[in-house]
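Derivation of every value follows stated rules applied to the coordinates shown; laboratory data play no part. Quick caveat: nothing in here was measured; it's all calculated off a predicted structure. A quick note on method: Cβ atoms are made from the backbone with ideal geometry, for glycine too, and the neighbour counts reach across all protein chains shown.
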Amino acid sequence: MAESQLASLVSRFRGCLIGALVGDCFGEPFQFIKSVQLKSVKELVHNLEADESKGDTKILLYTDDTEMRLSIEASLLKHKGFNAEDMANRFAKEYFANRNKRAYGGHVTKIFSAWSSKYMVDFFLPATLQFNGAGSYGNGGGMRIAPVALFMYKENSHKLKEISDKITRLTHTHELAILGAYLQALAVHLALNTAESPFPTDKFLQELTESMIYHEEETFGKCSQNPPSDSLKLYSQKLNAIKEFLARSDVEKEELVETLGNDVSAFGSIPISIYSFLRALTEINGLEGRNPYERTIMYAISLGGDTDTIAIMAGAIAGAYWGEEAIPQKWQQNCEGLSVTQKHADDLYDYVKTH
Ligand code: F2R
Ligand code: MG
């Protein structure tokens, strides 16, 4: 596909979820490796592309990020909306079926155990008890939220936030996890709805920033927990930093990671995912010949840290804009969970078309 040609809507639905899947599967081998080099990412991709042509494919496995994303899709489609009990049961069922296979976050699994009690009535309660009542600020809300942007394709950002918040609150009640998941949902929603080429970076960043300023004021203005002052504008400040980084040609990985983060917190991973998508709109040294979707994934992983989650979030945004055709067939076919992901994307597209 030529980079100036816009993908169809069905291709963008597929691109979003497959783009996310590929990010998770390709990012997983690099998760928490001390220093990830672009050279190693290129090696993985080259080996995988070469392997497949010999018919000797090694399938890359998905992680908790995709397992939870698939549950959200199945639940939204079954109930034509959010159903707390069904979604919680799906999260827990998948976790217990594949326990220890998907590398869940260190604390979230306690919630799955609580939901499994026969006395469970309030599925939102266990998350509120995490971290002595502070709630988790992990990126587990943001990593799985992309399908919500598809499901809410025709709706405005307030409706998008309502459902994003409910899904996030099932496991993450810290305000920074909730705001972060919404920021990721909004980024995917805007990319999906962008019908301009070249991609309007300034307008995209401005819409994200305005929405975050509004919700940061709304959230922390009425927050009784008295959060530290550096939390109050964390996302809008990081979005401003992204704009400044994009205007420069001399940005080193260390400075980026220092400012935006690359860890398991929502605030330490969602901004750098958005930056990866935007940075990959233009050429990146060492990634010549790769299209913008490919650049997004390879660059996001090269930033290190929580690579599967940063790449799944960057991949969802990139796929929602560039569409399925931008994701090489060889990449797609090397990922566990491709056919169920394709089916969910098509079912969400059919749902949106008829509702
Ligand atoms: N983390 C991994 N994989 C490593 C597996 C670790 C292993 N199970 C172990 O126990 O060592 N990947 C996955 O985790 C991230 C998503 O995590 P999620 O769903 O947000 O989980 P959790 O447990 O709620 O939070 C993750 C960590 O964040 C820190 N944290 C969160 N809130 C905190 C708070 N209020 N105070 C202090 N720390 C807080 C904790 O270290 C949590 O363990 C994704 O990367 C996914 O791929
Ligand atoms: Mg991760």
Point to revise | Reach of Lys353 by Cα under 20 Å, taken over lysines that are not fewer than 8 positions away in the same chain | key: Lys78, Lys80, Lys154, Lys159, Lys343
Point to revise | Value of relative contact order over segment 288-330, rounded to a whole percent, pairs C-alpha under 8 Å and six or more apart | key: 45
Study note, to complete from the structure: Semi-axes (Å, rounded, descending) of the ellipsoid equivalent to segment 62-104 per its C-alpha gyration tensor are 20, 10, 6
Practice item. Quick one: compute the contact order of the chain, relative version, from alpha carbon pairs under 8 angstrom and 6+ residues apart, as a percent. Key: 36
Point to revise | Structure-based [θ]222 nm, the chain - -39500 (n - 2.57) summed over DSSP H runs of at least 4, per residue, nearest 500 | key: -19000 deg cm²/dmol
Practice item. Among His344, His107, rank each residue by its count of other Cβ atoms within 10 Å, from fewest to most, as a rough exposure measure. Key: His107, His344
Review point. What does the charge dipole of the chain about its Cα centre add up to, to the nearest 20 debye, if the Cβ of each Lys and Arg holds +1 and the Cβ of each Asp and Glu holds -1?
Key: 820
**Study point:** Ratio Rg/Rh [Cα only; Rh per Kirkwood] for segment 225-355
**Key:** 1.02
**Study point:** Size of charge dipole - segment 178-274 - debye, nearest 20, with Cβ of Lys, Arg +1 and Asp, Glu -1, no other charges
**Key:** 220
Revision key, fill the gap. Quick P(r) readout (segment 124-173; Cα-Cα; 10 Å bins; whole %) gives 27, 46, 23, 4
Revision key, fill the gap. In terms of the charge dipole of segment 215-355, which places +1 on Lys and Arg and -1 on Asp and Glu at the beta carbon, the residue among Asn334, Asn240, Tyr349 farthest towards the positive end is Tyr349
Review point. For labels at Ile59 and Lys330 in the simple 7 Å Cα→Cβ model, what's the distance in nm?
Key: 2.0
Revision key, fill the gap. Over its alpha-carbon atoms, segment 51-123 yields an Rg and a Dmax in Å of 15.4, 54
Practice item. Two decimals is fine: what is log10 I(q)/I(0) at q = 0.12, 0.17 Å⁻¹ for segment 48-190, from a Debye sum with one equal scatterer on every Cα and no solvent? Key: -0.50, -0.91
Revision key, fill the gap. Out of Asp86, Asp122, Asp64, a Gaussian network model of the chain with alpha-carbon springs under 10 Å gives the largest mean-square fluctuation to Asp122
Review point. What is the ratio of the Cα radius of gyration of segment 290-355 to 2.2 N^0.38 Å, where N is its residue count, to two decimals?
Key: 1.21
Revision key, fill the gap. Taking a crude spin-label model, label points 7 Å out from Cα along the C-beta direction, the His46 to Thr354 distance in nm is 4.8
Revision key, fill the gap. Fewest-first ordering of Asp263, Asp24 by Cβ atoms within 10 Å yields Asp263, Asp24
Review point. Per the Debye formula with a single identical scatterer at each Cα and no solvent contribution, what log10 I(q)/I(0) holds for segment 143-247 at q = 0.17, 0.24 Å⁻¹?
Key: -0.81, -1.40
Practice item. State the extension gain, in nm to one decimal, for the chain segment bounded by Glu254 and Gln37, taking 0.36 nm per residue of separation less the distance between their alpha-carbons. Key: 76.9 nm
Check your understanding: Placing +1 at every Lys and Arg Cβ and -1 at every Asp and Glu Cβ, with all other atoms neutral, what dipole size does segment 8-144 have around its Cα centre, in debye to the nearest 20?
Key -> 140
Exercise for review: Just name one of Met120, Gly81, Val108: the one whose Cα is farthest towards the positive end of the charge dipole of segment 1-120 (beta-carbon charges, Lys/Arg +1, Asp/Glu -1).
Suggested key: Met120
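Return the Rg/Rh value of the chain, two decimal places, where both radii are evaluated on C-alpha atoms and Rh is the Kirkwood radius.
0.94
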